[in-house]
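Student: Right, I'll just put the structure down here and ask away after.
Derivation of every value follows stated rules applied to the coordinates shown; laboratory data play no part. All values reported here derive from a predicted model rather than from experimental measurement. Note that each Cβ is placed from the backbone with ideal geometry, even for glycine, and that neighbours are counted across all protein chains shown.
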Amino acid sequence: MKIAILGSTGSIGNSALEVIEKYPEKYQVVGLSAGNNAELLQEQIRKFKPKMVSLSDDSGQDILNDCFGTEILFGVEGACKIASMPEVDVVIAAISGSAGLLPTLAAVKAGKTIALANKESLVMAGELIISEAKKSKAEIIPIDSEHSAIFQLLKDKKIEDVKNIILTASGGPFLGSTLEELENVTPAEALKHPRWKMGNKVTIDSASMMNKGLEVIEAYYIFGMPVENIKVIVHPQSIVHSMVEFIDGTVFAQLSHPDMKAPIAYALSCPDRLDDIVKPLSFAEIGKLTFEDPDYKKFPNLRLAFRALGTGGLMPVVMNSANEVAVQKFCDGLIGFTFMPKLIEKVMDAFNDNGGRSLEDILEADKWARDMAIHCKL
């Protein structure tokens, strides 16, 4: 199987390469797309010898000049070309944030199997991507641990027998914090996730519960469930990755240690499974699993995501784009942790949907929301 990875130098990309390296007889890397980490990409080129690679810009061009035999591309055009390489069977879409939209869409239009870790592409353009996937017969297999769990639990099940899908959330590093304590949270504290090793943006989103909000919207498009049948439950141990409740009252759950190599491996091998990917569970060592309802007052981003999904249209685009600006402002020390949802909500409140749903409309809404969030006064 020939594989291209979009976001190869990020946490998902590195985990994917670990899985691939373990099974060289099954998988061959032919394309890699990265951000601006040219040094790590150079290491990946030497190890996996892809046919084509891409960086987000040409600032690392000199570093890659000695990678003979590999075609070097740049920018979003380069990532899109890698996503649609004719020989590629599976595209692992793991570019963080809205930057992953166009390359993911290119893979969909090319009819690839997409192992999807870039939830923002569905948040921004879910209707468009699902429509294009139907036309091209592209298959979308989720990599997010929660959606991978539901994908596995729903396999061979009748969707009419499903009552609810239940996304679990770790609660992040501030689960037991008070509102007053959240006001003084620093970026360094927000980046200390108790369970998962992720990139900075996803880690901040997890701390603010926006990551779970984005996953609610992603689940809506992947599984076609009404918003009222998508539930969120906080599960600090991160052992149960998600659950499906059926109409007879029974609930199926998928469990494993919190390690992204498990959903990555399943996305590459399904319906088969690869051996020895993550450490087996010892229920005696775990001892107990706990669950609690999310606190929408302390973490209003989750409420904003449900609002965006319920409003529909371009509102999820606006919410996502405003959030990306808010996260950057927080990391830069320009706003506090509790001001991120306030900024997002203010941008959402100011938005007037023009009714368009094309890619151009999506990109225009994205630009409007970013400009608004950048200049917004709280």
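Student: Could you give me D for the chain, from Stokes-Einstein at 37 °C and 0.692 mPa s, where the hydrodynamic radius is the Kirkwood radius over C-alpha pairs? Units µm² s⁻¹, please. Kindly include the intermediate steps, with their values, before the conclusion.
Tutor: Working: Rh = 21.1 Å.
The diffusion coefficient I find is 155 µm²/s.
Student: Looking only at Ala284, Ala110, Ala79, which one moves most when the chain is put into a Gaussian network model with springs between Cα atoms under 10 Å?
Tutor: In this elastic network of the chain, the residue with the biggest mean-square fluctuation among Ala284, Ala110, Ala79 is Ala284.
Student: Take peptides 357-368, 116-127 and line them up by average Cβ neighbours within 10 Å, highest first, as a rough protection proxy. Don't skip to the answer; put the middle values down first.
Tutor: Working: 357-368: 16.3, 116-127: 26.4.
Result, highest mean first: 116-127, 357-368.
Student: Let me ask another. Could you list the square roots of 5 times each eigenvalue of the Cα gyration tensor of segment 168-327, that is, the equivalent ellipsoid semi-axes, sorted largest first and rounded to whole Å? Before the final figure, lay out the partial values.
Tutor: Details: eigenvalues 132, 88, 55 Å².
Semi-axes, largest first: 26, 21, 17 Å.
Student: Relative contact order of the chain, please, whole-number percent, based on alpha carbon pairs below 8 angstrom and at least 6 residues apart.
Tutor: Details: 702 pairs, mean separation 54.9, N = 378.
Relative contact order here is 15 percent.
Student: So, in Å, what gap is there between the alpha-carbon centers of segment 24-58 and segment 148-175?
Tutor: Computed from Cα coordinates, the inter-centre distance equals 33 Å.
Student: Then there is this: When the Cα centres of segment 323-378 and segment 73-125 are compared, how far apart do they sit, in Å?
Tutor: 23 Å
Student: Is the C-alpha gyration tensor of segment 43-102 telling us rounded, prolate or oblate? Criteria: a/c under 1.5 is rounded; beyond that, a/b larger than b/c is prolate, otherwise oblate.
Tutor: Numbers: a/c = 1.88, a/b = 1.26, b/c = 1.49.
In terms of gyration-tensor shape, oblate.
Student: May I pose another question? Can you sort Phe283, Phe351 so the residue with the fewest Cβ neighbours within 10 Å comes first?
Tutor: On the way: Phe283 10, Phe351 20.
With the fewest neighbours first, Phe283, Phe351 line up as Phe283, Phe351.
Student: List the relative contact order of segment 246-378 as a percent without decimals, with contacts defined as Cα pairs under 8 Å and 6+ residues apart. Write out the running numbers ahead of the final one.
Tutor: Values: 98 pairs, mean separation 28.2, N = 133.
Here the relative contact order equals 21 percent.
Student: Separate question: Let me check against my output: what whole-number percent is the relative contact order of segment 208-263, with C-alpha pairs under 8 Å and at least 6 apart? Before the final figure, lay out the partial values.
Tutor: Details: 33 pairs, mean separation 12.3, N = 56.
Rounded, it is 22 percent for segment 208-263.
Student: Kindly provide the helix-only [θ] at 222 nm of the chain, computed as the sum of -39,500 (n - 2.57) over DSSP H runs of four or more divided by all residues, to the nearest 500 deg cm²/dmol? Don't skip to the end; give the middle numbers.
Tutor: Numbers: 17 runs with 175 residues, N = 378.
-13500 deg cm²/dmol, from helical runs alone.
Student: Using a simple spin-label model with points 7 Å from Cα along the Cα→Cβ vector, what separation in nm is obtained for Tyr23 and Glu181?
Tutor: With each label placed 7 Å out from Cα toward Cβ, I get 4.2 nm.
Student: So, one more: Report the semi-axes of the equivalent ellipsoid for segment 2-142 in whole Å, largest first, where each axis is √(5λ) for an eigenvalue λ of the Cα gyration tensor.
Tutor: Working: eigenvalues 108, 51, 33 Å².
The answer is 23, 16, 13 Å, longest axis first.
Student: Under the classification rounded if a/c is under 1.5, otherwise prolate if a/b is larger than b/c and oblate if not, where does segment 73-133 fall, given a ≥ b ≥ c as square roots of the Cα gyration tensor eigenvalues? Working shown, then result.
Tutor: Numbers: a/c = 1.65, a/b = 1.18, b/c = 1.40.
It comes out oblate by the Cα gyration axes.
Student: If you don't mind, another one. Which order do the peptides 329-339, 137-147 come out in when sorted by mean C-beta neighbours inside 10 angstrom, highest first?
Tutor: Numbers: 329-339: 16.2, 137-147: 21.6.
So the order, starting with the most tightly packed, is 137-147, 329-339.
Student: Give the share of C-alpha pairs in each 10 angstrom bin for segment 280-360, from 0 to the last occupied bin, in whole percents, shortest bins first.
Tutor: 16, 37, 22, 16, 8, 1
Student: Taking neighbour Cβ counts within 10 Å as the exposure measure, how do Thr104, Thr9 sort from fewest upward? Write down the numbers at each step before the final one.
Tutor: Numbers: Thr104 30, Thr9 23.
Ranked by crowding around the Cβ, least crowded first: Thr9, Thr104.
Student: Taking springs between alpha-carbon atoms closer than 10 angstrom, which of Glu25, Glu215, Glu77 fluctuates most in the Gaussian network model of the chain?
Tutor: Glu25
Student: Between segment 219-284 and segment 1-20, what's the alpha-carbon centroid distance in Å?
Tutor: When both Cα centres are located, 21 Å separates them.
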